[in-house]
1. Identify which of Ile71, Ile173, Ile207 has the largest mean-square fluctuation in a Gaussian network model of the chain, with springs joining Cα atoms closer than 10 Å.
2. What is the Cα radius of gyration of the range 15-168 over 2.2 N^0.38 Å, N being its residue count?
3. In the range 253-287, what trypsin sites (Lys or Arg not before Pro) fall in a loop by DSSP, with at most 12 other Cβ atoms inside 10 Å?
4. Could you work out [θ]222 nm for the chain from helices alone, using -39500 (n - 2.57) per DSSP H run of at least four and dividing by all its residues? Round to the nearest 500 deg cm²/dmol.
5. In whole Hz, with x marking every Gly and Pro, tabulate ³J(HN,Hα) for the range 129-145 from phi via Karplus 6.51 cos²θ - 1.76 cosθ + 1.60, θ = phi - 60°.
6. What chymotrypsin sites (Phe, Trp or Tyr not before Pro) in the range 124-203 are in a loop by DSSP, with at most 11 other Cβ atoms within 10 Å of the Cβ?
7. Among Thr206, Thr171, Thr111, whose mean-square fluctuation peaks in a Gaussian network model of the chain (Cα, cutoff 10 Å)?
8. With springs only between Cα atoms under 10 Å apart, run a GNM on the chain and tell me which of Ala177, Ala67, Ala201 wobbles the most.
Amino acid sequence: MLSRKNKLLLFKLLSLFSVVRGYNILVITLAQYLASIYILAPNVPLRNVILDLNLFLIVTASALTIASGYIINNFYDAEKDLINKPTKSMLDRLVSQRFKLTTYFILNFLTVFAASYISFRAVLFFSAYIFGIWIYSHKLKRIPFVGNLVSSTLAIAPFFVVFVYYQNFQTVIFVHALFLFLLILAREMIKDLENMAGDLAQNYRTIPIIYGARVSKSIISCLIVLTLVPALLLIKTFDVGYMHYYFMVCVGLLIFFLVLLWKAKGKMHYVWLHNIIKFIIVLGVFSILLIDVDVVLNRIL
């Protein structure tokens with residue numbers, strides 16, 4: 001049996017894990033490594049990619065920056081989240097705002113420290129990334145559509161830095177990136193519909209609040225249709241191994257998503273739509289393995 005003190009400590013650790021959304025960071029870390037192995041450096045021996053110290057530091061710095069980003073976002077959205085996510089908000093509040101801010105600055109310091117071992121350009125990139133997340137959380141997220149665009153750009157930044165590291169400029173990589181960017185942008189727009197109550201109470205000027213749910217649904221529909229373009233290109237034009245089955249499933253799910261979108265009327269419906277896109281993104285991470293199912297055998301040496 002745990003003592004009361006140990007139980008409180010455990011709950012605080014769970015609270016901090018919830019604030020930094022540790023599960024998201026684990027998925028992004030895995031995605032960076034899989035993208036490096038299968039997409040960005042397909043001709044580099046597997047051992048060299050996995051044991052690459054610079055790649056490890058890039059992934060570590062990305063994880064630390066994302067964690068600090070979730071903390072500062074949680075700090076600014078504390079009141080809004082009480083309305084939109086009351087259960088999660090109560091768990092998050094087990095950790096004080098002061099402790100969150102202290103952790104935020106420590107994580108940012110560790111990010112720059114890790115980046116300094118890579119290069120000065122890495123320090124500049126991650127410093128700009130940290131600033132971008134802060135200015136988004138503090139100001140930009142309240143601006144209609146601009147906030148959504150910035151949020152989506154920040155979400156794919158960890159993959160951009162790995163892409164720059166490997167200097168692989170093949171067209172197929174840009175098509176993958178476009179697919180992911182449009183999908184994330186549509187998810188951000190869905191979150192605005194999902195969080196209308198809290199956004200309205202805190203005077204956030206999101207598209208559904210200013211122009212209404214119908215306009216927001218129209219924009220999301222356009223984004224989903226645009227997302228189908230890179231998905232179909234990756235099925236028909238580019239060699240992505242067995243991953244083309246993933247994109248075929250995506251096409252079906254996105255069409256189903258469009259049908260549900262126009263039938264959606266309340267928060268619960270928008271939560272389901274958000275979860276569909278989240279499922280597509282997470283499934284996509286593991287589907288990278290399908291690009292070359294024999295990669296371990298072919299590249300282990």
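1. Comparing Ile71, Ile173, Ile207 in the GNM, the peak value goes to Ile173.
2. Normalised by 2.2 N^0.38 Å, the Cα Rg of the range 15-168 equals 1.09.
3. Loop-located and lightly packed - Lys265.
4. Here the helix-only value at 222 nm equals -26000 deg cm²/dmol.
5. Per residue, the Karplus-derived 3J(HN,Hα) values read 5, 4, 5, x, 5, 5, 5, 5, 5, 7, 10, 5, 5, 7, 8, x, 6 Hz.
6. Details: sites: Phe125, Phe126, Tyr129, Phe131, Trp134, Tyr136, Phe145, Phe159, Phe160, Phe163, Tyr165, Tyr166, Phe169, Phe174, Phe179, Phe181; in loops: Phe145, Phe169.
Within the range 124-203, the qualifying chymotrypsin sites (Phe, Trp or Tyr not before Pro) (loop, at most 11 other Cβ atoms within 10 Å) are Phe169.
7. Answer for the Gaussian network model of the chain: Thr171.
8. Ala201
Only the coordinates and a few stated rules stand behind these numbers; no lab work does. Treat the numbers as computed from the prediction; the structure is a model and nothing was measured. We place every Cβ from the backbone using ideal geometry, glycine too, and count neighbours over all the protein chains shown.
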